[in-house]
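J.: Let me begin by handing over the structure; questions about it come next.
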Amino acid sequence: MNMKDSVYNFLSEQISLGNMKRDDKITEQFLAEQLNISRTPVREALFQLSSDDILEHEPRKGFRIKQYSKEDVENYYEIIGLLDGKIASLTVDILDEDDYSIMKFYIDAMYSAINNELYTKYNEIQNKFHDVYIYKCENKKMLLEIIKLKKKFIGTDYSRIETSKIKEELIVTNKEHEEILRMFIEKEKEELRNYIEFIHWRKDKAALDNW
């Protein structure tokens, strides 16, 4: 992994963990000094994040985490749901008992995160749950596209939403994860595809990611 990719992954992780907020100004000079590296790989990583629609560039000011409208998020949900459902149907016959055990572990971990109001941690675990089957997809173009789209939500901030509302919504979503796992185990290919596309990624959930 080259230096630019290392910086890219570091910044993505910091955004995902909530260490960078949507109103923070991000400059290459500050990051280069903090990471004790030259500005070139930092600049390249920042512009790559901008190209991936994770950051937006403000000339002579720096970068900020990109914000999306409700319509934007709903449109992305529709596309991600389509891809996620298709990938699930393609990997039904590939997953094994070890994969099911890992997915069950992540479901339990998500309930623990919800109960302890660790919502950033919940997001991290949720991504790992879906990655169990997504990364087994043999269609690499489809794989790269869904990874790119899902990165748009790595900085989701739930602080603006009432705690009881977040908890209620995430419990419902995690019950959906349980149903997804059941369908994988039972190898209900078409039902699984439709469930992920039309239930798990339904547009009314976009409000949680509209920030």
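None of the figures in this text is laboratory data; all of them are computed from the coordinates on show. Small disclaimer: the values here were computed from a predicted structure and weren't measured. Counting neighbours? That spans all protein chains shown, and the Cβs are built from the backbone with ideal geometry, glycine included.
J.: Once amide H atoms are built 1.01 Å from N in the peptide plane, which residues 5 or more positions from LYS66, or in another chain, come under 5 Å H to H?
T.: LEU55, GLU56
J.: Just in the range 1-103: which trypsin sites (Lys or Arg not before Pro) are loop by DSSP and have at most 11 other Cβ atoms within 10 Å? Walk me through the numbers on the way to the answer.
T.: Values: sites: LYS4, LYS21, ARG22, LYS25, ARG39, ARG43, ARG60, LYS61, ARG64, LYS66, LYS70, LYS86; in loops: LYS21, ARG22, LYS25, ARG60, LYS61, LYS66.
Those that pass, being in a loop and sparsely packed, are LYS25, ARG60, LYS61.
J.: Right, another one. Determine the dipole magnitude for the range 70-209: charges of +1 sit on the beta-carbon of Lys and Arg, -1 on that of Asp and Glu, nothing else is charged, the reference point is the Cα centre, and the result goes in debye to the nearest 20. If you can, show how the numbers build up before the last one.
T.: Values: 23 positive and 30 negative charges, 88 e Å.
So the magnitude is around 420 debye.
J.: Right, here's the next one. With label points built 7 Å along Cα→Cβ from the Cα atoms of GLN67 and LYS165, find their separation and express it in nm.
T.: So the label points at GLN67 and LYS165 sit 1.7 nm apart.
J.: Return, ordered by residue number, the residues of the range 42-70 whose backbone nitrogen is under 18 Å from a label point located 7 Å along Cα→Cβ of THR27.
T.: From the range 42-70, the list is 42-47, 56-65.
J.: Could you grab the Rg to Rh ratio for the range 1-65? Cα atoms only, Kirkwood for Rh. Let's see the in-between values first.
T.: Values: Rg = 10.6 Å, Rh = 11.6 Å.
Computed over Cα atoms, the ratio is 0.92.
J.: Using modelled backbone amide H atoms (1.01 Å from N, in-plane), which distant-in-sequence or interchain residues come within less than 5 Å of LEU118's amide H?
T.: For LEU118, no residues qualify.
J.: Within 10 Å of each candidate Cβ there may be at most 14 other Cβ atoms; applying that plus a DSSP loop requirement, which GluC sites (Glu not before Pro) in the range 1-72 survive? Write out the running numbers ahead of the final one.
T.: Working: sites: GLU13, GLU28, GLU33, GLU44, GLU56, GLU71; in loops: none.
Passing both the DSSP loop test and the Cβ count: no residue.
J.: Determine the calculated [θ] at 222 nm for the chain from helices alone, applying -39500 (n - 2.57) to every DSSP H run no shorter than 4 residues and normalising by the residue count; nearest 500 deg cm²/dmol.
T.: Details: 9 runs with 134 residues, N = 211.
Here the helix-only value at 222 nm equals -21000 deg cm²/dmol.
J.: Could I ask something else about it? Please work out the Cα center distance from the range 75-124 to the range 1-69, rounded to the nearest Å.
T.: So the two Cα centres are separated by 27 Å.
J.: Quick one: Karplus J couplings for the range 53-65, per residue in order, coefficients 6.51, -1.76, 1.60, θ = phi - 60°, nearest Hz, x for Gly and Pro?
T.: Each residue's phi maps through the Karplus curve to give 6, 8, 10, 10, 8, 10, x, 6, 10, x, 10, 9, 5 Hz.
J.: Separate question: Could you work out Rg/(2.2 N^0.38 Å) for the range 70-209, with Rg from alpha carbons only?
T.: Details: Rg = 14.3 Å, N = 140, 2.2 N^0.38 = 14.4 Å.
Expressed relative to 2.2 N^0.38 Å, the Cα Rg reads 1.00.
J.: Next up: Pairs of alpha-carbon atoms within less than 8 angstrom and 6+ residues apart define the contacts here; what relative contact order does the chain have, in percent? If you can, show how the numbers build up before the last one.
T.: Working: 224 pairs, mean separation 63.7, N = 211.
That works out to 30 percent.
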